[in-house]
1. Rank these for me by crowding, Tyr441, Tyr22, Tyr637, going from fewest to most other beta carbons within 10 Å.
2. Along the principal axes of its C-alpha atoms, what lengths does the stretch 3-67 span, in descending order and rounded to whole Å?
3. Whole-Hz Karplus ³J(HN,Hα) for the stretch 139-144, in order, using 6.51 cos²θ - 1.76 cosθ + 1.60 and θ = phi - 60°, x for Gly and Pro?
4. Tell me, how many Å apart are the Cα centres for the stretch 209-280 and for the stretch 99-126?
5. Which residue, Leu507, Gly518, Thr539, has the largest displacement toward the positive end of the dipole of the stretch 505-587 when charges sit on each Cβ (Lys, Arg +1; Asp, Glu -1)?
6. Got a sec to turn the phi values of the stretch 502-514 into Karplus ³J(HN,Hα) couplings, 6.51 cos²θ - 1.76 cosθ + 1.60 with θ = phi - 60°, whole Hz, x for Gly and Pro?
7. Place the peptides 35-48, 323-336, 233-246 in order of packing, highest mean first, counting for every residue the other Cβ atoms within 10 Å and averaging per peptide.
8. If I fit a long axis through the Cα atoms of helix 179-191 and take the longest principal axis of the Cα atoms of the chain, what angle between them do I get, 0 to 90°, rounded to 10?
Amino acid sequence: MSNEQKIKIKERIEKLRKTINYHRYLYHVLDKQIISEGALDSLKQELKKLEDKYPEFITLNSPTKRVGGAVLDKFIKVKHQVKQWSLEDVFTEESLLNWEKRLKKILLKNTIDYICELKIDGLHIVLNYEKGVFVLGETKGDGIIGENVTENLKTIEAIPLTLEKNINITVEGEVFIKKSDFEKLNKIQKRKGLNLFANPRNIAAGTIRQLNTKIAAERTLDCFVYDYVWPERDIPETQIKELIILKDLGFKVNKYWEHCKNINDVVNFWHKWAKKYNTLDYWIDGIVVKVNKKTLCNKLGYTGKAPRFAIAAKFPSEEKTTRIRDIEFRVGRTGKITPVAIMEPVFIKGTVVSRATLHNFDEIKRLDVRIGDTVIITKAGEIIPKIKTIIKELRPKKTKKINVPKKCPICFANIIKKENRIDYYCKNKNCFALEAKKIIYFVSKKAFDISGLGDKIVEKLLDEGLISDASDLFSLKQGDLIPLEKFAVKKAKNIVNAIEKSKEIPLWRFLTALGVRGVGEQNSLLLEKFFISKGFHITNWTNNIINGIQSIRGIGPEIAQNIKIFFKDKKNIKFLGKLDKAGIKIILPKTKLNSKVSGKTFVFTGAMENIIRDEAQKKVIELGGKISNNIGKNTDYLVLGENPGSKFEKAKKLKIQTINEIEFLKIIK
Ligand SMILES: [Zn+2]
């Protein structure tokens with residue numbers, strides 16, 4: 001063969017390698033496909049044929065080297081050129097915040113920004129390139145000495161065998177298997193009649209440590225990189241720059257990193273991914289947080305075990321145990337009765353949860369779950385708490401089997417079972433709507449005033465079985481709300497906070513919230529005075545007290561009767577008991593009555609400067625006075641604000657005493 005021919009063949013080989021490598025990069029690193037796998041295979045076959053025929057042109061970095069085939073005796077140990085560190089793990093928001101506190105002790109007034117990356121759940125590996133060619137791949141080992149697994153790593157298409165630049169560089173990354181490839185792998189195992197792989201997390205490690213390199217080639221692994229040591233070049237200013245440089249060199253860098261300006265952004269990033277990590281086609285078990293500026297990283301340095309400038313914030317573990325406090329029955333929109341387990345609140349996968357639906361009575365039977373049982377819970381779809389099993393050994397003595405209730409727990413109507421259905425229903429068609437209405441009134445502005453709890457949300461909570469009456473609101477946890485449609489972490493948090501805040505409530509507003517027919521704000525104020533005179537307690541409803549209601553001046557006989565019936569109803573007494581247990585704190589007006597205010601009627605007009613009108617009126621009521629909107633013969637004081645209206649004219653006519661804001665403030669002092 002002439003020299004000229006040989007040069008042509010060499011050129012063809014080099015062009016083929018370049019083309020194959022280009023399409024590999026598009027497909028395996030950038031997730032783009034321009035030519036089909038079939039066409040690419042065809043190019044690889046041509047290259048293989050030429051290399052077989054002209055072995056003098058074979059190079060270490062040829063794409064044909066990716067197919068595996070060599071069977072090794074053992075893995076050779078290698079000393080890492082750069083020590084491979086492990087990161088400190090944290091599992092809670094609090095420990096993330098504490099980490100920053102420790103950083104600030106060293107960095108003092110420097111402002112710290114961070115970079116957050118996903119923590120890929122795979123195998124840590126080290127890749128060494130000489131003059132741009134991949135020459136040595138190592139496992140992490142003990143951080144100082146690893147194993148040479150170059151041949152297996154070469155089978156991973158995401159790892160470039162040649163770099164764009166002719167450089168010496170060491171790169172760190174994580175080898176993993178995609179969920180979709182894991183499933184394919186198990187299908188093949190099944191077809192071959194072999195054992196299925198139980199844990200995808202161990203596959204990457206197991207595969208990379210296979211002595212038969214053919215196996216690695218079959219198990220399509222993947223690889224993200226995130227760190228490098230490039231001795232011939234200055235250290236980049238930031239971690240972010242480092243990632244960008246890696247990407248430009250042709251490495252596969254995970255795209256979900258985020259620059260966080262402060263630790264709160266870091267916490268949000270962590271929460272976000274703790275909730276949605278299941279949407280990815282690979283497993284992650286947390287996030288990696290690094291101080292972004294390299295100058296600060298250098299100042300922070302290392303402890304004996306780990307770098308100070310980086311930390312792994314893991315997602316909380318997937319299974320937890322807790323105990324069943326109660327099993328309640330909820331009535332949904334369709335009247336369907338759903339059993340719900342009320343649990344001791346437990347932190348799982350980033351949130352606290354306190355309830356788990358048991359779906360139906362077959363599920364109760366299957367689990368044989370009872371009140372007092374210790375259970376193992378998981379999160380289905382990563383957000384919905386689910387009782388997986390019970391730990392029978394820990395069952396207390398004398399527990400009872402849970403049976404279908406005879407009557408509806410909400411309205412006491414009969415319970416019916418529809419034919420061919422496993423579910424039970426309340427016979428009362430209005431059951432759900434009536435209860436929803438009660439709760440909506442309970443949380444409304446004039447009652448508990450819980451902001452963010454609109455009608456739709458109340459109905460949803462009721463329909464999903466998270467609450468059965470208003471008292472259940474007070475034990476809701478953030479994690480109970482997050483699984484609901486259209487509920488973000490922040491919204492759930494805001495609502496839980498608003499509920500918590502509403503627990504302290506003046507007695508008259510509490511009485512309004514109960515929704516006794518005919519008892520609005522005015523009558524509630526009258527009732528309040530009456531109850532205080534009798535010595536109020538939320539669970540104290542003796543006949544002696546109740547019978548006195550009809551003697552309250554200003555409350556008509558019909559309404560008095562409604563009130564009496566309400567407080568004699570066992571179901572209502574139970575509800576009040578639940579509110580007491582939920583920690584409702586009822587604020588009584590100050591008992592020391594102000595003689596200038598007590599029994600007097602106040603009317604307000606015009607804008608006030610130093611006190612909000614609502615506050616002023618509340619104060620009057622607390623001190624035993626009354627509020628009216630209209631000037632009348634019974635008005636004792638008209639309080640004048642800026643630009644008083646027609647009330648002022650009327651007051652002058654009726655010769656009613658007028659006072660300005662300063663005088664008013666003196667009176668109520
Ligand atoms: Zn019912």
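Taken together, the values in this text are just the output of simple stated rules run on the coordinates, not laboratory data. Keep in mind that what you see is a predicted model, and the values were worked out from it rather than measured. Positions of Cβ are generated from backbone atoms using ideal geometry, with glycine treated the same way; all protein chains shown enter the neighbour counts.
1. By the 10 Å Cβ count, ascending: Tyr22, Tyr441, Tyr637.
2. Principal axes ranked by extent give 40, 20, 17 Å for the Cα atoms.
3. 7, 6, x, 8, x, 10
4. 14 Å
5. Most positive-ward Cα: Thr539.
6. Computed from phi, the couplings for the stretch 502-514 are 6, 4, 8, 8, x, 3, 5, 6, 4, 5, 4, 4, 5 Hz.
7. Ranked from most to least packed, the peptides come out as 323-336, 233-246, 35-48.
8. Roughly 70 degrees between the two axes.
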